[in-house]
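**Q** Before I ask anything, let me first share the structure, which is written out below as structure tokens.
The values are calculated or read from the model by the stated rules, or taken from the named source; none is laboratory data. Since we're looking at a predicted model, the values are computed, not measured. Glycine gets a Cβ as well: all are built from the backbone with ideal geometry, and neighbour counts include every protein chain shown.
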């Protein structure tokens, strides 16, 4: 009897699905760990420490694999990806989460499929039909309901509005990076973007190092987890999914993130979502289901 273990690779359709699942779980964990990290670090210092950690892992991978170096023109694009998708996004998100709960923040961030669809339609000529736009509108209405239950609502400068701006930054990054993936590959694109983001955030790194020397073990652990999982691993698997599904379609899978983030927040931070968050969250999730079935 043959007792050997099969080493056949995963079926091709399962690879992008697995990439999406890892991305959702990794990025969902970012919201509660950001709240934990903010107990010991200001928003920009937390972002700098997080992506400095990711940059160390990225540098090791680059030294090992030696991928193709970007051209001067593409290097500028990677710098722009790092500025928008890493530095600006995390600065806005971290600042917003000082007043907005982790679960609510995750729902607001996931308006990004709406902005991704708009940007992809304009710049990448991807197409969304009217049912897709209807589903996106339902999800956006859900976010508005969530914001009503947060301090300041959606008033300019309030936590919820900053997180909404973070979603726009993330959508712009997804679309901007899309054309680089076929040229350099998913992992190399992730590596160059994370390095660029860490570079933009480096002015706040000395302050972060000083703060971490007196921070609690929970804060230090949060920084390490944020750098390894949501940053290094999550961005790598997301970039692979982005190249497979396209910007607008791939972004819709991220509507699953808030449910996971809310569950993790309850377990890790003890936050309990309010009625507005739950009702708005259900609207947001129903919107993505609508888009997935009828939107393309």
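**Q** Within segment 18-51, how many residues turn out to be under 17 Å from the mean Cα position of the chain (by Cα) and either part of a loop (DSSP other than H, G, I, E, B) or at pLDDT below 85 (or both)?
**A** So the answer is 0.
**Q** When the residues of segment 140-154 are filtered to those that are surrounded by 23 or more Cβ atoms within 10 Å (Cβ to Cβ) and at pLDDT below 80, which remaining residue is farthest from residue 280 (Cα to Cα)?
**A** Checking each candidate, the answer is 150.
**Q** Could you please give the count of residues in segment 77-102 that are within 16 Å of the chain's Cα centre (by Cα) and in a helix (DSSP H, G or I)? Show your work before the answer.
**A** Within segment 77-102, the first condition is being within 16 Å of the chain's Cα centre (by Cα), and the residues that meet it are 81-97, 102.
In the following step, the residues that additionally are in a helix (DSSP H, G or I) were identified as 81-96, 102.
Here the count works out to 17.
**Q** Assess whether residue 105 counts as being in a helix (DSSP H, G or I) and over 21 Å from residue 23 (Cβ atoms).
**A** It is false that residue 105 is in a helix (DSSP H, G or I) and over 21 Å from residue 23 (Cβ atoms).
**Q** Given the residues 101, 106, 71, which is the only one that is over 25 Å from residue 207 (Cα atoms) and surrounded by fewer than 16 Cβ atoms within 10 Å (Cβ to Cβ)?
**A** 71 is the lone residue from the list that is over 25 Å from residue 207 (Cα atoms) and surrounded by fewer than 16 Cβ atoms within 10 Å (Cβ to Cβ).
Every residue, every condition in (1) under 30 Å from residue 181 (Cβ atoms); (2) surrounded by fewer than 21 Cβ atoms within 10 Å (Cβ to Cβ); (3) modelled with pLDDT under 85, yes or no:
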residue	(1), (2), (3)
209	no, yes, no
218	no, yes, no
230	yes, no, no
238	yes, no, yes
252	yes, no, yes
256	yes, yes, yes
274	no, yes, yes
291	yes, no, yes
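**Q** Could you check segment 135-235 for helices (runs of 4 or more DSSP H) lying wholly inside it with 3 or more residues that are touching a residue at least 12 places away in the same chain (Cβ under 8 Å) and touching a helix residue (DSSP H, G or I) at 6+ places or on another chain (Cβ under 6 Å)?
**A** 159-178, 186-201, 205-212, 217-226
**Q** Then there is this: Quick check on segment 55-67. Is at least one of its residues buried (at least 20 other Cβ atoms within 10 Å of the Cβ) and either assigned to a helix (DSSP H, G or I) or modelled with pLDDT under 90 (or both)?
**A** yes
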